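Remarks on the structure that follows.
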Amino acid sequence: MIYYVDFDRTIFDTKSFLEELYEILEEYHIPKEVFIKKSYDVEEFNPYKILNLLKDEYQFTSNLFLDIDRLIEKAKAFLYYDALVFVRDVKKKGNKLILLTRGDNDFQNDKIDHTGLRNIFDKVIITNDDKGNLDIDYHGIFIDDKIEELESILKRNPYKVFLIDHEHKYDKVNNKNINLIHSLDEVEILGN
C-alpha cells in the first residue's frame with residue numbers, strides 16, 4: 001500500500017512553529033499582522049521572501065535571517081508526538097511512504113530536511129497544485145489536514161482518505177468518504 005502523508009499540520013506542528021517565528025519577528029519590531037498581510041503577496045509562504053518585501057519598510061539586520069535559520073534547524077522539535085512512530089511503522093510493514101505537501105519548494109525542503117524524516121520517505125513531492133491534479137498513483141491512503149485537498153483527491157478514487165485534526169476543530173465531517181482522526185495513532189497501518 002502507498003501512504004501519502006501531508007507535512008504541515010499533519011506530521012509537523014505548524015501552529016507552534018509559526019508562534020515561535022512571530023516571537024522572533026516581534027524581537028525585530030515586525031508586527032505579526034503586518035507579516036501575515038504581506039504573506040499574501042508571495043505565491044507560497046516563505047518567511048525569507050516575505051521579509052524581503054518588508055526590508056524597505058522595516059529596518060532589521062541579517063541577524064533576523066540567522067534567527068529564522070536557527071528556528072528551521074530545530075524543525076525536528078515541531079514533529080507531532082506520533083509522527084516518527086507512525087512513519088516508521090508504515091515502513092516496517094513494507095508499505096511505500098510518500099510525503100505529499102503543498103508550499104514553497106525551498107522553505108518546505110528546509111523544514112523537511114531538518115526534521116530528519118527525508119530518508120524515511122520513499123519520495124517527497126512538493127506541489128503548488130491541488131493534490132487531486134497530480135500524476136501519481138491514487139490507489140493509496142491519504143492523510144491531510146485540509147478538507148479541500150482530500151475532496152480533490154477523492155475524485156481520483158483513492159483507497160482511503162483521512163482528515164487529521166490535531167486541534168480538534170471538527171466534531172464530524174459532512175463527507176462520508178473522509179475519515180476524521182485526531183492523531184496518527186488512529187490510522188490503521190496495513191501490511192504490504
*Identify, please: which residue in the range 149-185 is charged (D, E, K, R) and without any contact (Cβ under 8 Å) to a residue 12 or more places away in the chain and is, among those, nearest to Ile11 (Cα to Cα)?*
Lys169
*Residue list for the range 144-164, restricted to those being out of contact with any strand residue (DSSP E or B) (no Cβ under 6 Å at 6 or more places or on another chain), charged (D, E, K, R) and surrounded by 14 or more Cβ atoms within 10 Å (Cβ to Cβ)*: Asp144, Lys146, Glu149, Glu151, Arg156
*Just one of Ile178, Ile141, Ile98, Ile126 is touching a strand residue (DSSP E or B) at 6+ places or on another chain (Cβ under 6 Å) and closer than 30 Å to Leu66 by Cα; which is it?*
Ile126
*asked:* Restricting to the range 36-70, name every residue that is among the hydroxyl-bearing types (Ser, Thr, Tyr), more than 30 Å from Thr127 (Cβ to Cβ) and surrounded by 13 or more Cβ atoms within 10 Å (Cβ to Cβ).
replied: Tyr58
_Residue satisfying condition, being at pLDDT below 95 and either touching a helix residue (DSSP H, G or I) at 6+ places or on another chain (Cβ under 7 Å) or in the same structural domain as Asp89 (by TED's automatic domain parsing) (or both), within set Tyr159, Tyr170, Tyr138_ = Tyr170
*Which one is nearest to Leu190 (Cα to Cα), of the residues in the range 1-21 that are touching a residue at least 24 places away in the same chain (Cβ under 8 Å) and part of a helix (DSSP H, G or I)?*
Thr14
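The values are calculated or read from the model by the stated rules, or taken from the named source; none is laboratory data. Since this is a predicted model, take the numbers as computed values, not measurements. Backbone-built Cβ (ideal geometry, glycine too); neighbour counts: all protein chains shown.
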